[in-house]
Amino acid sequence: MGTIENGHDIPLPLSAQRRRNLPARAAFFWLGAGWRDLGNTPLPSFIYGFAVFLVSLSIVWGLFRFELDYILFPALAGFMVVGPVLAIGLYQKSRDLETGHPVNLSRMIFVKAASGAQVWYTGAILCLLMLVWMRAAVIIYALFFGLRPFPGFNDVLAMLISTPVGWAMLLVGTVAGGLFAAFSFAISTFAIPMLLDERVDAFTAMGTSISLVWNNLPVMIAWGAIVLGLFLLSLATGLFGLIVVFPLLGHATWHSYRAIR
């Protein structure tokens, strides 16, 4: 991209190329575009969302079944880290709608990314990041409450909201979780759509994603707040809301990539 001056194409600096100067309200237009894609041939999207709901519910059940409930909260937060990888089929549907290709569930499940295996390599990196966050959360708990068995949610909530140690842990955990969330959001939000759409390697895609987010902070902060709010709404419905929310956000994310890239 560049500007035309005196009949010559003058290339802009890379940072300027990646700045779109979109207002924060543009995030709501992405959400609206995602809603239109969801309503266009909706069955594959709802099946996709239902599958994500079942997998999420199975993981939560497994954590309680094997007495790993102490990592439930960081695991739920980690879901947002790997969510962009899980949504690749939804990006494919939005891409097909954009190009006029017939939409079908098979293409959404068996995605053929332009970057090949690089997209799954990125997925592995994001899964590793999620595991690091879960381990960090356990360490933070141990630093404040010592090496004691997890007492259960009722007792933990009482400790967190009624003791100075609990308040300190909430503060440190929120800051640490926020840093993990911001980093994972920056490296993944555009990387997976880019790997689907272009022949690039994983690190180029993640680096470009960070640059695009950094150079478009107002709209990306608004978009991150929308994603977080809808995810919390899904949690409030016992994850059932993921059936609609996950495909909605997946389609909308594709439009955010197309708007900024």
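The values are calculated or read from the model by the stated rules, or taken from the named source; none is laboratory data. These numbers come from a predicted model, not from an experiment. Heads up, the Cβs are rebuilt from the backbone with ideal geometry, glycines too, and the neighbour counts pull from every protein chain shown.
When 217, 128, 171 are checked against the criterion of being of a type outside the set (D, E, K, R), farther than 30 Å from residue 92 by Cβ and loosely packed, with under 15 Cβ neighbours inside 10 Å, a single residue qualifies: 171. Residues in segment 182-192 that are surrounded by fewer than 19 Cβ atoms within 10 Å (Cβ to Cβ) and in contact with a Leu (Cβ under 9 Å, 6 or more places away or on another chain): 183 only.
Within segment 230-248, residues that are more than 13 Å from residue 49 (Cα to Cα) sit with their Cβ atoms under 6 Å from residues that are in a loop (DSSP other than H, G, I, E, B) and at pLDDT 95 or above, at 6+ positions apart or across chains, in these pairs: 233/241. Kindly provide the set of residues from segment 213-261 that are under 16 Å from residue 182 (Cβ atoms) and not in a helix (DSSP H, G or I), ordered by number. If the condition is that a residue be under 16 Å from residue 182 (Cβ atoms) and not in a helix (DSSP H, G or I), then 215, 216 are the ones that fit.
Of the candidates 64, 79, 73, 29, the single residue that is part of a helix (DSSP H, G or I) and modelled with pLDDT of 95 or more is 29.
Mind checking whether some residue in segment 241-259 is surrounded by fewer than 18 Cβ atoms within 10 Å (Cβ to Cβ) and either under 12 Å from the mean Cα position of the chain (by Cα) or polar (S, T, N, Q) (or both)? The answer is no; no qualifying residue exists. Set side by side, the residues 228, 195, 212 differ, and just one is crowded, with 22+ Cβ neighbours inside 10 Å, closer than 20 Å to residue 33 by Cβ and hydrophobic (A, V, I, L, M, F, W, C), which is 212. Selection of segment 111-139 for residues being within 20 Å of residue 194 (Cβ to Cβ) and over 20 Å from the mean Cα position of the chain (by Cα) yields 112, 114, 116.
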